[in-house]
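Structure first, then comments.
The values are calculated or read from the model by the stated rules, or taken from the named source; none is laboratory data. Because the structure is predicted, anything quoted here is derived from the model rather than measured. Neighbour counts run over all protein chains shown; Cβ positions are idealised from the backbone, glycine included.
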Amino acid sequence: MSDNPLLSLGDSYEVLINTLKTQLAGIYPQQLVARNTVLLPQGDVQRYGYLIVEGVLGAIHDDIDGGQKCKEFYFKNELALLFANWMTSSPAFYQLKVINEASVIKVPLTLFEQAQYQLIKQQLIAQQLIFKEAKEAFLLLNSPEQRYCYLLKHKPH
């Protein structure tokens with residue numbers, strides 16, 4: 001890696017997600033979802049986030065020529081959520097799709113309008129901003145070889 005100090009790439013997210021899991025326990029059950037299931041169709045308004053207990057989800061854009069572009073993947077102990085579309089109540093730029101069979105907790109986004117979830121909502125938004133800044137620094141301040149080596153070592157999934 002470069003000599004530049006880098007923020008962790010999503011590693012501090014787990015504590016926040018575990019807090020959310022604890023609060024949701026017994027309220028929203030885990031669901032097993034098959035590979036290739038589309039949880040949020042592209043163009044729909046997002047009403048749910050998906051807390052991943054196991055498996056992999058992706059945010060994928062289908063273009064008019066039949067091609068696909070993957071924005072990002074979501075892994076265990078992450079909340080699959082399109083933040084910009086959620087914050088603006090706009091149609092989803094991407095579909096949320098199950099890449100590998102997943103066990104998820106379907107979380108209604110209206111939950112975060114309730115007083116007892118306001119702090120978690122703020123923390124989720126702050127964590128997303130920190131993650132985006134970390135990803136930007138990671139991409140800009142390291143060579144492709146440095147990024148590749150880091151991902152092999154720290155993010156092998």
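Can we say Leu109 is buried (at least 18 other Cβ atoms within 10 Å of the Cβ) and touching a Gly at 6+ places or on another chain (Cβ under 8 Å)?
No: the conditions fail for Leu109.
What pairs come out if I take residues in the stretch 16-45 that are of a type in the set (Ser, Thr, Tyr) and pair them with residues that are surrounded by 13 or more Cβ atoms within 10 Å (Cβ to Cβ) whose C-beta lies under 6 Å away, six or more apart or interchain?
So the pair list comes out as Tyr28/Ile105; Thr37/Val98.
I'd like to check something: does the stretch 111-131 contain any residue that is in a strand (DSSP E or B), touching a helix residue (DSSP H, G or I) at 6+ places or on another chain (Cβ under 8 Å) and farther than 17 Å from Tyr50 by Cβ?
To start, the set of residues in the stretch 111-131 that are in a strand (DSSP E or B) comprises none.
No - not one qualifying residue is present in the stretch 111-131.
Could you grab the pairs with beta carbons closer than 8 Å, sequence gap of 6+ or different chains, first residue in the stretch 46-74 and more than 17 Å from Asn36 (Cβ to Cβ) and of a type in the set (Ser, Thr, Tyr), second one part of a strand (DSSP E or B) and modelled with pLDDT of 95 or more?
So the pair list comes out as Tyr48/Leu39; Tyr48/Leu40; Tyr48/Lys106; Tyr48/Val107; Tyr48/Pro108.
Does the stretch 49-87 hold any residues that are among the aromatic types (Phe, Trp, Tyr) and over 12 Å from the mean Cα position of the chain (by Cα), and which are they?
The answer is Trp86, and nothing else.
How many residues, within the stretch 80-106, are assigned to a loop (DSSP other than H, G, I, E, B) and surrounded by fewer than 19 Cβ atoms within 10 Å (Cβ to Cβ)?
Going through the stretch 80-106 one residue at a time, the tally reaches 3.
Determine whether Gly43 is of a type outside the set (Val, Ile, Thr), in a loop (DSSP other than H, G, I, E, B), at pLDDT 85 or above and surrounded by 11 or more Cβ atoms within 10 Å (Cβ to Cβ).
Working: of a type outside the set (Val, Ile, Thr): yes; in a loop (DSSP other than H, G, I, E, B): yes; at pLDDT 85 or above: yes; surrounded by 11 or more Cβ atoms within 10 Å (Cβ to Cβ): yes.
So Gly43 passes the test.
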